[in-house]
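Participant: Sharing a structure, written as structure tokens. Questions coming.
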Amino acid sequence: MPNPRQLAFLALRSIQRDAFADVALDRVLQDAELSNQDRRLATELVYGSVRRQRTLDALIDQLGKKKAHQQPPDLRAILHLGLYQLRYLNQIPASAAVNTTVELAKQNGFPGLTGFVNGFMRQYIRLAETSGDPLQLPSDPVQRLGTLHSYPDWIVQVWLDQLDLAETEQLCEWMNRPPHIDLRINPLHTSLDEVETAMQAAGVAVQRLPHLPQALRLLEPAGAIQKLPGFQSGWWMVQDASAQLVSYLVDPQPGEFVIDACAAPGGKALHLAELMQDQGMIWACDRTASRLKKLKENAERLGIHSTEISIGDSRNQPQFVGKGDRVLLDAPCSGLGTLNRHADARWRQTPDRVQELATLQQELLVAAATWLKHDGVLVYATCTLHPQENEQVIEAFLDQHPDWQIEPPAPNSPAAAFATPQGWVKVWPHRQQMDGFFMVRLKLAVRQAAAS
Ligand SMILES: C[S@@+](CC[C@H](N)C(=O)[O-])C[C@H]1O[C@@H](n2cnc3c(N)ncnc32)[C@H](O)[C@@H]1O
């Protein structure tokens, strides 16, 4: 039987060499014959150690003679795994965490350092028993939150610029929790009642969500998603509640011509089709062909026929100019609203990358606006919580296009419950218990007035 800690170590080693965390984990797990329990442990160890990297490094800096970055990379990964178990996994006895970490060191090139690893781990346990938390925190509030909850300072600062300290800390904590799974029920083939009943009959606990007429949240880990009732029959697809709000804000009508400028893998395009009762035309555009394949698969499973695919850069698609009744731009973004879903995302994004994305978002928005008929509706959305990619993109667009204006969600729209006084919708995960999202609906003001 393979050892889940050894597999976790191998995955962490690839991640240090720049593999994506989910790809590295899949690779080590794919051929391993593990019990479900060991598979869960390996997953938790990899994602947890990656997510908590800054905190774990701070502990190595404080407890070791050498700083974390001076340790051999493999030894640093082994110490991360050991400390992660001691600090965050209550179900693992401290003695088991120590012994297995010593064993990892012995098996992976550090037989001469087992005494150090043993002493290091025991020092953490001793300090935790005698003086509470062995982690010493800086006094600067940004660095304190960054060290305690394991984020780069710049992300903490972006949130602290929008929230007070207590809420910023709540958000940091929320993004370290395991992500929830929401389903969007497909009204073309079933109903919320029918799916709820089928889930309950299969022993899967689910919950309805306020304001969201098609959403069911899974209340506990449900194993392989494809095995849940109704998957094969296209009764639902996985989509977070806040992502569901976007298509309600677009509010497409049967028979319309709708263009989704960044559509892959298709969650929102297929929701648009459901809201249109699969009548009309939805052009699903994206520049990544492999991701559009997923859209096709999902459309087939959900029994949706009204989507067409267009592969290419949406900044240059003259064939759509003036055609759309509605256009959705669900833009590529830094994903700061979904950090809990991607353990390594907080370390991969940078302020420079955000700047590049903001430029791309502006260009996409300007192009997408040309795709509309004169009274069309444009919705801009992202799953980030960075004003540079959200409010500032919209403000710059409105400055350069004074004939456009924000149209708040209609009072009967599910999105209305989340609207701000400015007319846009901003979902804060720690307040609303959903992924972080930003969305805004735009319309041409002047021509609309001239037409009426
Ligand atoms: C946030 S994801 C879209 C998610 C999708 N709307 C959904 O609900 O499943 C952003 C998408 O933008 C695409 N993208 C990035 N730059 C693009 C561009 N210049 N033109 C078209 N698509 C682009 C990416 O390939 C990615 O699939």
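The values are calculated or read from the model by the stated rules, or taken from the named source; none is laboratory data. Here the structure is a predicted model, which is why all the values come from computation and not from measurement. Counting neighbours? That spans all protein chains shown, and the Cβs are built from the backbone with ideal geometry, glycine included.
Participant: Could you tell me whether any residue of the stretch 52-62 is surrounded by fewer than 17 Cβ atoms within 10 Å (Cβ to Cβ), more than 16 Å from GLY82 (Cα to Cα) and not small (Gly, Ala, Ser)?
Facilitator: No, the stretch 52-62 contains no residue that is surrounded by fewer than 17 Cβ atoms within 10 Å (Cβ to Cβ), more than 16 Å from GLY82 (Cα to Cα) and not small (Gly, Ala, Ser).
Participant: Which residues, counting only those in the stretch 401-418, are more than 28 Å from the chain's Cα centre (by Cα) and among the polar types (S, T, N, Q)?
Facilitator: Matches in the stretch 401-418: GLN405 only.
Participant: Can you run down the residue pairs with Cβ atoms below 9 Å, 6 or more apart or on separate chains, where the first is in the stretch 345-360 and free of Cβ contacts under 8 Å to residues at least 40 places away in the same chain and over 13 Å from GLN388 (Cα atoms) and the partner is assigned to a helix (DSSP H, G or I) and within 16 Å of the ligand (Cβ to nearest atom)?
Facilitator: ALA345/LEU339
Participant: Under 8 Å by Cβ, and 6 or more places apart or on different chains, what pairs join a residue from the stretch 315-329 that is at positive phi with one that is away from the ligand (no atom under 14 Å from the Cβ) and part of a strand (DSSP E or B)?
Facilitator: Taking only residues 6 or more apart or on different chains, the pairs are GLY322/LEU372; GLY322/LYS373.
Participant: Now for a different question. Say whether the condition of being more than 20 Å from LEU372 (Cβ to Cβ) and in the same structural domain as ALA368 (by TED's automatic domain parsing) is met by at least one residue in the stretch 280-287.
Facilitator: yes
Participant: Just to be sure I understand the filter: pairs with C-beta atoms under 8 Å, separated by 6 or more residues or on different chains, first member in the stretch 64-78 and closer than 15 Å to VAL50 by Cβ, second member not in a helix (DSSP H, G or I). Which pairs pass?
Facilitator: Listed pairs, sorted by first residue: ILE78/ASN108; ILE78/PHE110.
Participant: Is it the case that some residue within the stretch 312-322 is away from the ligand (no atom under 14 Å from the Cβ) and touching a strand residue (DSSP E or B) at 6+ places or on another chain (Cβ under 7 Å)?
Facilitator: yes
Participant: Still on this structure: Out of ALA261, ALA215, ALA198, I need the residue that is within 16 Å of the ligand (Cβ to nearest atom), at pLDDT 95 or above and not assigned by TED's automatic domain parsing to the domain that holds ALA419. Which one?
Facilitator: The conditions single out ALA215.
Participant: Could you pull out the residue among GLU173, GLU169, GLU129 that is outside any loop (DSSP other than H, G, I, E, B) and without any contact (Cβ under 8 Å) to a residue 12 or more places away in the chain?
Facilitator: Exactly one residue qualifies, and that residue is GLU129.
Participant: Looking only at helices (runs of 4 or more DSSP H) that lie completely in the stretch 328-440, which have at least 1 residues being touching a His at 6+ places or on another chain (Cβ under 7 Å), of a type in the set (S, T, N, Q) and more than 15 Å from the ligand (Cβ to nearest atom)?
Facilitator: So the answer is none; nothing clears 1.
Participant: Scan the stretch 400-411 for residues that are farther than 17 Å from MET439 by Cβ, out of contact with any helix residue (DSSP H, G or I) (no Cβ under 6 Å at 6 or more places or on another chain) and loosely packed, with under 15 Cβ neighbours inside 10 Å and report the count.
Facilitator: Number of matching residues: 2.
Participant: A further question follows. Somewhere in the stretch 140-161, is a residue part of a loop (DSSP other than H, G, I, E, B), more than 19 Å from the chain's Cα centre (by Cα), in contact (Cβ under 8 Å) with a residue 24 or more places away in the chain and not assigned by TED's automatic domain parsing to the domain that holds LEU81?
Facilitator: Looking for residues that are part of a loop (DSSP other than H, G, I, E, B), more than 19 Å from the chain's Cα centre (by Cα), in contact (Cβ under 8 Å) with a residue 24 or more places away in the chain and not assigned by TED's automatic domain parsing to the domain that holds LEU81, one finds at least one in the stretch 140-161, hence yes.
Participant: Could you list, in sequence order, all residues of the stretch 127-154 that are over 18 Å from MET175 (Cα atoms) and of a type in the set (S, T, N, Q)?
Facilitator: THR130, SER131, GLN136, SER139
Participant: Exactly one of these conditions fails for ALA284: (1) more than 8 Å from the ligand (Cβ to nearest atom); (2) farther than 20 Å from VAL440 by Cα. Give me its number.
Facilitator: (2)
Participant: Identify the residue in the stretch 225-235 that is hydrophobic (A, V, I, L, M, F, W, C) and closer than 30 Å to LEU41 by Cβ and, among all such residues, is surrounded by the fewest Cβ atoms within 10 Å (Cβ to Cβ).
Facilitator: Selected residue: ILE225.
Participant: Tally time: how many residues in the stretch 361-383 are without any contact (Cβ under 8 Å) to a residue 60 or more places away in the chain and acidic (Asp, Glu)?
Facilitator: 1
Participant: Name the residues in the stretch 201-224 that are small (Gly, Ala, Ser) and buried (at least 16 other Cβ atoms within 10 Å of the Cβ), would you?
Facilitator: Passing the criteria: ALA215, ALA222.
Participant: So which residues in the stretch 49-80 are among the hydroxyl-bearing types (Ser, Thr, Tyr) and in contact with a Ser or Thr (Cβ under 6 Å, 6 or more places away or on another chain)?
Facilitator: If the condition is that a residue be among the hydroxyl-bearing types (Ser, Thr, Tyr) and in contact with a Ser or Thr (Cβ under 6 Å, 6 or more places away or on another chain), then THR55 is the only one that fits.
Participant: What number of residues within the stretch 46-84 are at pLDDT 95 or above, outside any helix (DSSP H, G or I) and not charged (D, E, K, R)?
Facilitator: Total satisfying the criteria: 2.
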